[in-house]
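Notes to accompany the following structure.
The values are calculated or read from the model by the stated rules, or taken from the named source; none is laboratory data. Note that the structure is predicted; figures quoted are calculated from it, not measured. Cβ sites come from the backbone with ideal geometry, for glycine too, and all protein chains shown count toward neighbours.
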Amino acid sequence: MSEAQFHLLWQVSAASLLALALLWWVARGARRWARQRSLRAAHARSGGVVHPALEQAFGQAREALQPGAARLRPQALYARPWMLFLGDRASRVSDLLAAAASNREGRAPHGDASISFWRWWLMPQVVAIETDPRLIEPAPAQDTPGSRALMSAWYQGLLLLAERRGTLPLDGIALCVDASSLLAGPEVASDLAARLRERADDASHQLRMRLPTQVLITGLDRLPGYAAVRDALPEDVLAQAVGFRVPAGTLVVIDDVLGELSQRLRALRMTLLCQQTDAAGRLAVHEFFVQWLALQAGLGSFLKRLFAPGGAPYRLRGRALYFVAAPEGQSRAPAFVTELFTRFFPLERAFPTLRK
């Protein structure tokens, strides 16, 4: 090969690499622009109400994550996963996040729930985003200023994520349901699952992402006998996560998962019953597990409706099911919370693009 041919080959190779890099950059930018354009349109359709408190809360969270010179390092926003928490009032998401933050020396949340609609909880291993529980309530029969303001805040929050954390707006989503809603029966549970899925599907669609989805069953602390069970468990056990995690690259059958969980709960019940020294303690433990096991019917309907085929093309990616106890106002210590926020949630990373 002559020197002229070598230089020509080098120039062609360099030009090809440059073209590929430019194509990748344009494609990447096109996804971001399409995402932001879609969210701006959705925000306008919802009424276009702008909430300064929401943007202020996000700015405070970002400043805490990127103080001073760290603003020059955009990767600081991606150092830990960001998870969006959705749940109705009964699920008490704020109590769960307060319990997790207190366990791990987290800071107070950025944002006032009454005016900012969203709150950012900055924890050592994860950023948890609390949303207004009214988003999961049944839609009003008529359009009202309040409903328009709520939906405008929803799309404004998603747009902030798309603009300020453009490479990966979210890493995952947590859908929260209270145990009492599952005990109310399969029909109530299925209806709640439909509302949660509608909101989660909307987030996935607007962000053009396939979001890893965690299901959290809250409210174990409100089941009869919880205090006796909590007192019987060692602190290291109370810190552990309780539930089921889907192995990577596998499909699971919901009935099989629930069957396995039932077996584990029955085994734990027998262990704790043997530890009780009086009839009152044994009765309390028995009542607690009777109620916990009674969740299965409603939980089965909830999960099947939540992950039913069809619907939006941006499918949720079911990753795990967990049970937690987070008493209101820290009146009693939480259970089964710590490991979620220190071990399992930090593992989640979303797929930045969708595959149907």
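Quick one: is residue 294 touching a Ser or Thr at 6+ places or on another chain (Cβ under 7 Å) and under 28 Å from residue 319 (Cβ atoms)? It is false that residue 294 is touching a Ser or Thr at 6+ places or on another chain (Cβ under 7 Å) and under 28 Å from residue 319 (Cβ atoms). For residue 239, the requirement of being assigned by TED's automatic domain parsing to the domain that holds residue 174, touching an Asp or Glu at 6+ places or on another chain (Cβ under 9 Å) and closer than 17 Å to residue 218 by Cα is met. Of the residues in region 289-304, at least one is part of a helix (DSSP H, G or I), at pLDDT 90 or above and more than 27 Å from the chain's Cα centre (by Cα).
Rundown of residues vs (1) touching a residue at least 60 places away in the same chain (Cβ under 8 Å); (2) among the β-branched types (Val, Ile, Thr); (3) not in a helix (DSSP H, G or I), yes/no style:
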{"site": "214", "(1), (2), (3)": "yes, no, yes"}
{"site": "230", "(1), (2), (3)": "yes, no, no"}
{"site": "247", "(1), (2), (3)": "no, no, yes"}
{"site": "255", "(1), (2), (3)": "no, no, no"}
{"site": "258", "(1), (2), (3)": "no, no, no"}
{"site": "264", "(1), (2), (3)": "no, no, no"}
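The condition (being on the phi > 0 side of the Ramachandran plot and either out of contact with any strand residue (DSSP E or B) (no Cβ under 8 Å at 6 or more places or on another chain) or among the hydrophobic types (A, V, I, L, M, F, W, C) (or both)) is satisfied by just one residue among 185, 166: 185. Per the listing 294, 284, 239, the residue uniquely among the hydrophobic types (A, V, I, L, M, F, W, C) and within 20 Å of residue 348 (Cβ to Cβ) is 239. Can residue 255 be described as charged (D, E, K, R) and farther than 14 Å from residue 232 by Cα? Here the answer is yes, as residue 255 does meet what is asked.
Meeting the requirement of 1 or more residues that are small (Gly, Ala, Ser), in contact with a helix residue (DSSP H, G or I) (Cβ under 8 Å, 6 or more places away or on another chain) and surrounded by fewer than 19 Cβ atoms within 10 Å (Cβ to Cβ), the helices (runs of 4 or more DSSP H) wholly within region 82-193 are 93-103, 113-116, 179-183. Annotation: residue 201 fulfils all but one of (1) more than 22 Å from residue 315 (Cβ to Cβ); (2) under 13 Å from the mean Cα position of the chain (by Cα); the unmet one is (1).
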